[in-house]
Structure formats: structure tokens, C-alpha cells
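Heads up: the structure comes next, in C-alpha cells.
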There are 2 protein chains.
Amino acid sequence: MLIKEKVEQAKKLLAEFDVDCWITFVRESAINGDPTLVYLAPGHVTWHSAFVVARDGRTRAIVGRYDVQAIADLGVWDDVTGFVTGIREPLAALLRELDPRTIAVNYSESSEIADGITHGMYLTLMRILGELSMADRVVSAEPIVSALRERKTAAEIDVMREAIRHTQEIYALVGGFIRPGVTESEIAAFVHAEIARRGLGHAWEEATCPAVFTGPGGAEAHYAPGARQVERGHVLNMDFGVKVGAYVSDMQRTFYVLAEGETAAPAEVRKGFDTIVAAIEAAKRAMRPGVEGRAIDAVARGLIVGAGYEEYPHALGHQVGRFAHDGTALLGPTWEKYADKPLKKLQPGMVFTLEPRLTVAGRGICTVEEMVVVTETGCEWLSDPQRELVLIR
Amino acid sequence: MLIKEKVEQAKKLLAEFDVDCWITFVRESAINGDPTLVYLAPGHVTWHSAFVVARDGRTRAIVGRYDVQAIADLGVWDDVTGFVTGIREPLAALLRELDPRTIAVNYSESSEIADGITHGMYLTLMRILGELSMADRVVSAEPIVSALRERKTAAEIDVMREAIRHTQEIYALVGGFIRPGVTESEIAAFVHAEIARRGLGHAWEEATCPAVFTGPGGAEAHYAPGARQVERGHVLNMDFGVKVGAYVSDMQRTFYVLAEGETAAPAEVRKGFDTIVAAIEAAKRAMRPGVEGRAIDAVARGLIVGAGYEEYPHALGHQVGRFAHDGTALLGPTWEKYADKPLKKLQPGMVFTLEPRLTVAGRGICTVEEMVVVTETGCEWLSDPQRELVLIR
């Protein structure tokens, strides 16, 4: 079971990153949760709660009285302590007993996935640690939390393969639905109905999952599918993913709507599409453990700019998992907003998208998004890559 | 429309609390959002985003390029600035222009609802403010954020009345379903089916919404409905709420299962139930603007202890809104975990539960949960209060 597997993984990560004690400190998680809590607890917690993994291999949870039984029933936490009036005393007692040299806490400027503790909760924790003269022992738990999410187990990858299979099947079906005259909204409705029929969830907010862009004009101007109709000569692209269990997919495909008399896409559309495919292939070939994400982005970005296109205004690819944007390591340029994510090295088990983009003037946007997993020696497709434009007759 | 209404309310709150500038600073809100964001934006944001309300009455949003159009289309934000590589420059430029004396940020030790900023995001903001020599101008936005949630508009109360109506109707139906031999799980399944049939959501996690407890034994020991069967002589209580639109209800009711030959509950059960009802009535009578929440809790707690029962191990009541546990002000004792919530004064528009609890030895738990709204002069029922035990024959 996932929580048991992940808590076992966490124990080993403490040794790997030389941390004595890792605390996930959270309250009212339905309101303001920590994205790491799902790996530690079976549902939401109400009161101040501390989930503590220590170098001694013992796992302790301190939670409000009414949350005790649910946590204890997991069988993952060696000690579960409940309280009625406040967490300060039981938490201080535990920390005094452990006397850790380092205390890893879930905060990070660069990684939202590792930035689970709110500032108010951080202040509360520091107050308790201050009383114990332990405030200077706090470090960021970013390496632990990132590895826990990013190094996917075979079971996690299997669920993601299932999400990808559904996504590809729905893309095949919607290819038969797209025709001149249908609107972006109608295409989105077709996809929503198919997702519902299969009993799946959406990978992100339904209003933009799928995103559907047909024809020329910036994607920024029509963020959600609207009344714009598919026309002959349009490049059309879609972006969506589904949720299977707790895991999601995230894929894009590009279509071309043949003009009267055409039997193939015009040369400039083919060139644009082929450039995207070549960029994805080249990036994938460069992926292996130990390489920094920015190097992979540079491969695809360089290839697209070299072919005469403007560079895409985003990263080449992000990790996928429980969210469409998951993990810390990123295949992106070293822009301010990406902080040190592009400097992180690829590791086996990381699942990435590869999604370069370019505009074909007067036609629309070419962008394909594949999914790959980093292996011990390189990188494998999780999706069946799109190698040809889908032609709409 | 709610966002417009709430941003207008926020402008006035800046004057009321003498704050020059209020910043909601958030990124990847699908992963680690701020509970205040729903009052400011139509959906999730991806990149570092700043929603700034200033004393000059102008509203400004700085968001990632792909989020610009969705925010601009709201018509609530006077200026919407997009960025590609990072927020530091546009945010610094805005702050330099405003030069506010005070900058309110969403953090709070005592109120989870006002504790929206993660510690990593706080560090990023403080770095930017440090470069501007403005770091010492930061204050907690807790008073603004709390008032925004707590002072409910007539439109918000109307939606909550609808949620309460459904809850009461479902309680009436389930009263006809409960009988000796049915299990807690079967009772829960009946409620889930009725919630689904009405197209409503659950007020909190489905696994414990409803909670169903039949007979003697601590609620802590069986947190979710299980295989325990209803027996004659049991006190049975249930706790659930539904979601209508974005707002929820939260109500409890107590049932008594008549023993063979009984036509009324035994004296000790009636005394327990009547004590709960009396505690709720007394607390409600004491509620009016300006009174601290702890004083209301003390009324009910004192009455129950005075009648010879153990005091309930929780607060008398919490606010309800978008979450079952909402708002900052609390009708609770001054326990550590409640921080200064019980010291907050009641204000018109606050919606509270009243939910004392006591155990009738060998029978079960009596606990009724009503919902009330604070008015200009006192307090009104939102629920139709339970005055009699529901007898199951």
C-alpha cells in the first residue's frame, strides 16, 4: 500500500540526505494542506499534526484526539499520540527525546511541491523549537520531499500508463469528431463526455482540460475553449489529461484541417510539425540520470530557434504525477520563476512531459506533448509518440 | 458576482484596519493554494501571482502570461500585468510606485483560514521587499482575510440556507431508515445515495460524512461508519453536511432506539438530550455582536458540567462557510490549539455551529449541532432546532 511504501522510502532518504529527523507539520489540511500529506496519512487532519520520521527508524505521529484512530489503523506509524488542548507539550517531549542534529521541514522557495508548511505554522514550530534551543537545527526538507514524489515506484508508473492509455484512446476518438464548423467548445464537450463515460477524473481544472486552440491567434487570448469554429487550413491543437486513481496524464496533439483539394498539409505546416517532433526526439535522446534539466531544454530550444522559430515561452517539460505539474526537477531554462529547478539532475523514476511549441504564421500553433520516464540508463516513452499530423478531411 | 463583491469589500476593509496595501502571493494554487484565492480569481493560477489591493482603491494583479486573460476577463482587476521569466521586476516596480506604509500578507499562527502563504513564498516575498528596504512594513492580513470570509453577504447566507434545507430533509428521510439490525455503514450509504440523488456535494471527506455512531463506546474508536449494528436501547447520533455551490452545512442529530415495551426514552437519556438542547438554547441567547467567543462556550460548558457531565473535549461551535470549519472567531475555550480564536468578537454575518456533546453511560453519545447567524442585535437560527429525540420504534 502506497503510504507504507512511501514511509519506508522516506526512512532511507533520511540516511541518503544525512538528516536526523523530518517533520511534516500541518493543520486543517482540507483548508490549507501540505501536498506531502497524502504520502503519510489516509485523509485530512484537523488539528495541529506532526508526522515525524527519525534516523532511528521509528515513525511517530502526534495528532488531535479524534484523528488518532484513523492514523493508528494505517499500521505505518509506530507511535501515535493524541492531544486535546494543544500539540506543544507532546511535540516538545518527542523532540527532547530525539535531540536531532538536523530537523527537516517542508519549505522551499524553488519547489512548490516541497513548500507545504504555511508561514504561520512555521512560526509556531519555530516558537516550540526556540523554547528547546533547537531553532538553528532546521533545514529545508526539499531533497527528501522531492525524491519521495519523483522516484516513482513500478506501481505508480503502472497507474500512469493506464491514464496515458485512456488519453490516447480519447485522442483517437476526438480525431473522428473534429471537422470544419464545429466549435472549440463542442470539441471540449466531446472530450468531457468521454472522460465521464470512462469514469475518470480530469488532470486539472475542467474549464481548460481540454484546452482547444484552432487556427491563428495567440493561445493567451482564448485560454478556455470558446465559440471559435474549426476552419479548413487551420492547425488545431489540444491539451488534456485524465486522472486514474490518484495519478494523472498530460498530453498534447496537433491536427491539421485539410483545405479544399489538399491531400496533405502545406509545406510550412509540415515543417513546423516536423520541427516539434525532431525537438522532442532530440531531447529524449539526451535524457539520462545525472544530466541537468536545463541541458535537455537547451537541446529542444536550440533546435527550434535554429530552424528559424521564436523560442517557446515556457519550459520544455515538467514532471507529472499526482498533479499535472509535479515534482521539483524541471526541463527548463534558468529563468527567475524556475529558481533552481532546472539545475536538478535527472533520476530514475522521474516522469516528464516533453512539450515544445511553435507558431506557424496564419495557421495556428504546433505543439505536441509526450510523456517519458527516466530509466537507469536513459529514458523511455510512456506515450506512443505522435510522428504525423492528424489530418482532418 | 462573488469576486466583484468581495474585492469591493476588501477595499473598505483596508481603510477599516488601516492597512495601505494587501498582497495575496501564491503559485501553483492547484498544489498549494491560499484559501483566500477563491475570492480574488476565477480558478487556479500557475506561476507566482500577486493580487494587490491598495488604499488608493486601485486593484492590480501580476500573473504569469498564460493566466493574464482569465484574470482580465473578470473585470475586477484594474491592471493585469503578465510576465514570462519572473515576477520580481513587475512586483518591485508596483511596490515602488505604491510605497505603502504597511503591507498585509496572508499569514497567521492562530487562524488557518488566514494562513495562506507558504513559508517558501514568504521568503521569496521578503527577499523582494528586502531589496526595496520594505521588509519591516509587513503585517499579518489576518483581520482583513477573516472579515472577508466571516461577514457573509445575504447572497452567501441564502446558499447556506439551501444547504441546511437539504440536510434537514435528508435527516427526516434517514429517520425512516434507521431500525434495529442495520449497520452504521448502511445508514451512511443511505445518506450518500440521497446526497448523490440531489446532485449535491459532501461538506467534508465522504468517508466520515456522515459520521454515524450507535450505542456506547467512544467516538474515537470508530471514526468512520462500520459494521456495528443498531440495537434497541442505543442512543445514535449522526453528523454530516452537504455542499450547495461553494457553501456547506454542518449539522448533527440524536436518535433513540426504543427498547421492547418502551414508548419513550429512559430518564437518563432524556436528561442527557435535554441538557444538550438547554446548552444550545442558552448559548444562542448569549450571542450578539461584540461578545467574545469564549464567553459563549463557557455558557454551554458550564451548564453541562453543572448538570454532572464531563466537559466536551472540543469547542462549542465553529464558523461554517466554504468549509465546514471556516473563519477565525471560534466559540471555544482558550486552549493552546485555539490560539486567540476564542478572544475574537462576534460580528454580524458570522455563521456558527452550536454543538455540545455528552455521553450517557451505557447508551451512547448525545450531541446536537445547530447552525445560527449573528445579526446586528443578536442571533438567529438558520437550522430548525431539534427539540425532541427522534425515536426509532
**Report entry** Members of region B:326-337 that are within 11 Å of another protein chain (Cβ to nearest Cβ) and touching a residue at least 40 places away in the same chain (Cβ under 8 Å)
**Finding:** B:D326, B:G327, B:T334
Report task. Please tell me if A:G364 is within 13 Å of chain B (Cβ to nearest Cβ) and closer than 19 Å to A:Y312 by Cα. Result -> no
Query raised in the report: Of the residues in region B:36-49, how many are touching a residue at least 60 places away in the same chain (Cβ under 8 Å) and either over 19 Å from A:I113 (Cβ atoms) or charged (D, E, K, R) (or both)?
Result: 3
Query raised in the report: If you scan region B:42-65, which residues turn out to be over 16 Å from B:F83 (Cβ atoms), under 26 Å from the mean Cα position of the chain (by Cα) and either outside any strand (DSSP E or B) or within 14 Å of chain A (Cβ to nearest Cβ) (or both)?
Result: B:P42, B:G43, B:H44
Requested in this report: Specify the residue that is farthest from the other protein chains (Cβ to nearest Cβ); the eligible residues are those in region A:184-214 that are assigned to a helix (DSSP H, G or I) and free of Cβ contacts under 8 Å to residues at least 12 places away in the same chain.
Outcome: A:E186
Requested in this report: Being out of contact with any Phe, Trp or Tyr (no Cβ under 9 Å at 6 or more places or on another chain) and open to solvent by less than 40 Å² (accessible area, probe 1.4 Å) is the filter; apply it to region A:291-308 and report the residue that is farthest from the other protein chains (Cβ to nearest Cβ).
Outcome: A:V291
Report summary line: Reported set for region B:51-76 where residues are more than 21 Å from A:I113 (Cβ to Cβ) and open to solvent by less than 10 Å² (accessible area, probe 1.4 Å) is B:F51, B:V52, B:V53, B:A54, B:T59, B:A61, B:I62, B:I71
Query raised in the report: Among the listed residues B:I144, B:I164, which satisfies the condition of being β-branched (V, I, T), in the same structural domain as B:V53 (by TED's automatic domain parsing), crowded, with 21+ Cβ neighbours inside 10 Å and part of a helix (DSSP H, G or I)?
Result: B:I144
Report summary line: Quick count over region A:229-262, residues being more than 14 Å from every other protein chain (Cβ to nearest Cβ) and assigned to a loop (DSSP other than H, G, I, E, B), is 12
Query raised in the report: What are the residue pairs meeting all of these: first residue in region A:297-316, first residue more than 16 Å from A:G272 (Cα to Cα), second residue among the aliphatic types (A, V, I, L, M) and surrounded by fewer than 21 Cβ atoms within 10 Å (Cβ to Cβ), Cβ atoms under 6 Å, and 6 or more apart or on different chains?
Result: A:V299/A:A282; A:V299/A:A286; A:P313/B:V84
Query - Subset of region B:372-391 that is part of a loop (DSSP other than H, G, I, E, B) and loosely packed, with under 14 Cβ neighbours inside 10 Å - its residue that is farthest from the chain's Cα centre (by Cα) - result: B:E388
Query raised in the report: What's the number of the condition A:S133 fails, among (1) open to solvent by less than 40 Å² (accessible area, probe 1.4 Å); (2) more than 30 Å from A:G290 (Cα to Cα)?
Result: (1)
Requested in this report: Only residues that are within 13 Å of another protein chain (Cβ to nearest Cβ), touching a helix residue (DSSP H, G or I) at 6+ places or on another chain (Cβ under 7 Å) and open to solvent by less than 10 Å² (accessible area, probe 1.4 Å): list them for region A:120-130, please.
Outcome: A:I128
**Report entry** Out of A:A298, A:A278, sole residue that is over 16 Å from A:T359 (Cα atoms), outside any loop (DSSP other than H, G, I, E, B) and at pLDDT 95 or above
**Finding:** A:A298
Query raised in the report: Does region B:242-255 contain at least one residue that is modelled with pLDDT of 95 or more, out of contact with any Pro (no Cβ under 7 Å at 6 or more places or on another chain) and more than 30 Å from B:L200 (Cα to Cα)?
Result: no
**Report entry** B:A72 vs. criteria without any contact (Cβ under 8 Å) to a residue 40 or more places away in the chain, more than 29 Å from the chain's Cα centre (by Cα) and more than 7 Å from chain A (Cβ to nearest Cβ)
**Finding:** yes
Requested in this report: Collect the residues in region A:84-101 that are more than 8 Å from every other protein chain (Cβ to nearest Cβ) and either at pLDDT below 95 or outside any helix (DSSP H, G or I) (or both), keeping them in residue-number order.
Outcome: A:D99, A:P100, A:R101
Report task. Run down B:A114, B:A104 and say which single residue is open to solvent by less than 10 Å² (accessible area, probe 1.4 Å) and more than 11 Å from every other protein chain (Cβ to nearest Cβ). Result -> B:A104
**Report entry** Meets criteria (within 14 Å of another protein chain (Cβ to nearest Cβ) and closer than 25 Å to B:V320 by Cβ) for A:L37
**Finding:** yes
Report summary line: Residues of region B:274-284 being without any contact (Cβ under 8 Å) to a residue 24 or more places away in the chain and either of a type outside the set (D, E) or surrounded by 20 or more Cβ atoms within 10 Å (Cβ to Cβ) (or both), in sequence order, are B:A282
Query raised in the report: From B:D20, B:D79, which residue is open to solvent by 10 Å² or more (accessible area, probe 1.4 Å), more than 13 Å from chain A (Cβ to nearest Cβ) and in contact (Cβ under 8 Å) with a residue 60 or more places away in the chain?
Result: B:D20
Query - When residues of region B:338-361 are limited to those that are in a loop (DSSP other than H, G, I, E, B) and closer than 24 Å to B:I164 by Cα, the one nearest to the chain's Cα centre (by Cα) - result: B:M350
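The values are calculated or read from the model by the stated rules, or taken from the named source; none is laboratory data. Since the model is a prediction, treat every value here as computed from it, not as a measurement. When we count neighbours, we look across all protein chains shown, and the Cβ atoms used for this are built from the backbone with ideal geometry, even at glycine. Each accessible area value is taken on the protein alone, full model and side chains, heavy atoms only, with ligands, DNA and RNA left out. Shrake-Rupley method; radii C 1.70, N 1.55, O 1.52, S 1.80 Å.
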